[in-house]
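The values are calculated or read from the model by the stated rules, or taken from the named source; none is laboratory data. If you're wondering where the values come from, they're calculated on a predicted model, not measured in any experiment. Only protein heavy atoms, including side chains, enter the accessible area calculation; ligands, DNA and RNA are left aside. Shrake-Rupley method; radii C 1.70, N 1.55, O 1.52, S 1.80 Å.
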Amino acid sequence: MSQNGDNVDSQTTFLCAVLKCNCREMDGGAQYNPRTVEEVFRDFKGRRAGMIKALTSDVEEFYQQCDPEKENLCLYGYPNEQWEVNLPAEEVPPELPEPALGINFARDGMQEKDWLSLVAVHSDAWLLAVAFYFGARFGFDKADRKRLFAMINDLPTIFEVVTGSAKKQAKEKSAVSNHSSNKSKSSSKGRSSESGKLSKSVQPKEEEEEGGLDEDDEEEHGDTLCGACGENYAADEFWICCDICEKWFHGKCVKITPARAEHIKQYKCPSCSNKRARP
């Protein structure tokens, strides 16, 4: 009896540790404890969005927090789409898999672009580890694990978002920008379903010669990814293109409205605006 009681106590302690960890990651005040494939995927997307923010729109703040003079630091993403640079958990083993340790030590020894790419790769690995930890902990079978991975694999990796290595989309976006005047370019940077075709409306000759171009344009934009959140193009959302790195962003992700975009001659995304020579 005592041995069985010890086993029950140890399992209870473990579950309490997991719940304690999830309580620290509350979303809107509600305890977040993913148990189904959909809930684990939602957890994955939230953490991913937070880490993408750190490496793109919040990159200046993230860079400053990763001081090599400090102790081993990790980049954490949370289900509520927030991020944090902090020391690793003291528990051994930790309640959840830990992110890559000591990312700050390499900061000043590498080019910023390469360092961010390295952190992005390790962040992708951590996200998968956390998702499949939940899958194992809550007894996902082969079909559930396969479904979870398929859902995850439909999203671009953090590395792809940070490095812009959806090269095809970048070239398509560049082509649209180069064939527009400055005025039409600024108004076609972010688009709704109508403005998604605006660049072609100033080229009626091309439109006549290439019938069915609208449908192709929808397909191209359907593959476009936001440089801030990594999500796909949606026909009813406003988008804007950075004139420096030529990445596209949801207007809401970079806090640019259609009215404001009309008055911007050259738009710089937060990452390009914050770039400066590093010591």
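Per residue, how much accessible area does the range 28-172 have with a 1.4 Å probe, in Å²?
Values: 7280 Å² over 145 residues.
Solvent-accessible surface per residue comes out at 50 Å².
Mind checking the full-extension length gain between residue 38 and residue 232? Use 0.36 nm per residue of separation minus the Cα-Cα distance, one decimal, nm.
Values: separation 194, 0.36 × 194 = 69.84 nm, distance 1.92 nm.
Gain on stretching residue 38 to residue 232: 67.9 nm.
Please work out how much length the chain gains when fully extended from residue 273 to residue 260, using 0.36 nm per residue of separation minus the C-alpha to C-alpha distance, in nm with one decimal.
Working: separation 13, 0.36 × 13 = 4.68 nm, distance 1.70 nm.
Full extension from residue 273 to residue 260 adds 3.0 nm.
Considering only protein heavy atoms and a probe of 1.4 Å, how much of the accessible area of the range 80-138 is carbon and sulfur, as a whole percent?
Looking at the range 80-138 in its full context, I get 56 percent from C and S.
What is the extension gain from residue 71 to residue 105, computed as 0.36 nm multiplied by their sequence separation minus the C-alpha to C-alpha distance, in nm to one decimal?
Values: separation 34, 0.36 × 34 = 12.24 nm, distance 0.85 nm.
Contour length minus Cα-Cα distance gives 11.4 nm.
In whole Å, what three semi-axes, largest first, describe the equivalent ellipsoid of the range 119-162 built from its Cα gyration tensor (square root of 5 times each eigenvalue)?
Working: eigenvalues 93, 30, 4 Å².
Its equivalent ellipsoid spans semi-axes of 22, 12, 5 Å.
Taking a threshold of 20 Å on the Cα-Cα distance, which of the pairs 146/247; 113/255; 247/268; 53/247; 113/247; 45/70 fall above it?
Listed pairs above 20 Å: 146/247; 113/255; 45/70.
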